Amino acid sequence: MIIYEYPFNERIRTLLRLEDLHERYAFFLQQGHALQHHVALTTIFEMLEVASRSDLKSDLLQELERQKQILAGYQSHPNIQRNVLDEVLREIDKVSSALVNTHGKTGQSIRENEWLMSVRGRTIIPGGACEFDLPSYYAWQHRSSDERRKDIAEWFSPMQSLINAVGLLLRLLRASGMQFKIIAHSGSYQQMLQGKVHQMLRLRIDSRCGAIPEASANKYMLWIRFTKQDGTIKPIPFEEDIPCELTLC
């Protein structure tokens, strides 16, 4: 099964991009080759670019507080698991406090590191990080894998609180949706949303059917169109019925 996720607004789009980049960073950081650590470092630069919005930190804090207020309202509910709820509320407080205590702009320590900024400037250019362009970076790549890994983790560490907030909010968002089965007749599915505001949809599809969803939505209507692709040809409309599972979060 493949799960496709589609954001309904720019804020969720930013969070999903940061989550995707952090997964890539974490994977390549644990590898041992210098080329893999190069990918981990350049991924930090990409995260820095995505997180450069001046209001991102305040947006995250506001959303964490909103989620806290919503969840706190369930404390008196007779069917709620109080220990689970209390643990989530403690996690929100912990993540919020860490984010508040992060001073300055996100990744400011990286921006103030002249050597890292010189590496970042060269990696934007195709092939710009060759040894004759950046001999100091080439020398750094010849350090032991443990030394490189320690350096990269240290450079990333000021962004950890922001990434933790992103991960928690996306986890809460995904858990808020109700999953139900649908059938996209002749490769198309429409649903009226009746003005209800959603932030993201999740679509679970059997990978064997070969259908690729493309979604568009506003507060009134959701439309999902399916295409298929064989080799290098341009995707073409999928004309068969497709059973799948839809979650609106």
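List the pairs whose first member sits in segment 122-148 and is within 16 Å of Ala40 (Cα to Cα), whose second member is in a loop (DSSP other than H, G, I, E, B), and whose Cβ atoms are under 6 Å apart, counting only residues at least 6 apart or on separate chains?
Hits for this filter: Arg122/Gly128; Arg122/Ala129; Arg122/Asp133; Arg122/Leu134; Thr123/Ala129; Tyr138/Glu131; Ser145/Gly32.
For segment 37-73, give me the residue count where each residue is more than 16 Å from Arg111 (Cβ to Cβ) and outside any helix (DSSP H, G or I).
The number of residues fulfilling the criteria is 2.
All but one of (1) of a type outside the set (A, V, I, L, M); (2) outside any strand (DSSP E or B); (3) surrounded by 11 or more Cβ atoms within 10 Å (Cβ to Cβ) hold for Gln190; which doesn't?
Here Gln190 clears every test but (2).
Of the numbered conditions (1) surrounded by fewer than 19 Cβ atoms within 10 Å (Cβ to Cβ); (2) assigned to a helix (DSSP H, G or I), Ile182 satisfies every one except a single condition; which is it?
The single condition Ile182 does not satisfy is (2).
Could you please find all residues in segment 228-249 being closer than 15 Å to Ala184 by Cβ and surrounded by fewer than 16 Cβ atoms within 10 Å (Cβ to Cβ)?
Matches in segment 228-249: Pro237, Glu239, Glu240, Asp241, Pro243, Glu245.
State which residue is surrounded by the most Cβ atoms within 10 Å (Cβ to Cβ) when the search covers only segment 103-144 and only residues that are under 21 Å from Leu18 (Cα atoms) and among the small types (Gly, Ala, Ser).
Restricting to residues being under 21 Å from Leu18 (Cα atoms) and among the small types (Gly, Ala, Ser), the top hit is Gly107.
With respect to Glu87, is the statement that it is over 27 Å from Thr14 (Cα atoms) and under 28 Å from the mean Cα position of the chain (by Cα) true? Please lay out each step first, then the result.
Values: over 27 Å from Thr14 (Cα atoms): no; under 28 Å from the mean Cα position of the chain (by Cα): yes.
Taking the combined requirement at face value, the residue does not satisfy it.
Residues in segment 135-155: is at least one in contact with a Ser or Thr (Cβ under 9 Å, 6 or more places away or on another chain) and not in a helix (DSSP H, G or I)? Show your work before the answer.
Start the filter on segment 135-155 by keeping residues that are in contact with a Ser or Thr (Cβ under 9 Å, 6 or more places away or on another chain), which leaves 136-137, 155.
After this cut, where a residue has to be not in a helix (DSSP H, G or I) as well, the list is none.
Looking through segment 135-155, none of the residues is in contact with a Ser or Thr (Cβ under 9 Å, 6 or more places away or on another chain) and not in a helix (DSSP H, G or I).
Looking at segment 28-63, which of the residues that are under 19 Å from Ser144 (Cα atoms) and either outside the structural domain of Ile110 (by TED's automatic domain parsing) or under 18 Å from the mean Cα position of the chain (by Cα) (or both) is surrounded by the fewest Cβ atoms within 10 Å (Cβ to Cβ)? Steps first, answer last, please.
Start the filter on segment 28-63 by keeping residues that are under 19 Å from Ser144 (Cα atoms), which leaves 28-42.
The next check asks that each one be either outside the structural domain of Ile110 (by TED's automatic domain parsing) or under 18 Å from the mean Cα position of the chain (by Cα) (or both); those that pass are 28-29, 39-42.
On the way: Phe28: 19, Leu29: 19, Val39: 15, Ala40: 22, Leu41: 24, Thr42: 17.
Per the stated criteria, the residue is Val39.
The values are calculated or read from the model by the stated rules, or taken from the named source; none is laboratory data. Everything numeric here is computed off the predicted structure, so don't read it as measured data. Here Cβ is always computed from backbone atoms with ideal geometry, including for glycine, and neighbour counts include all displayed protein chains.
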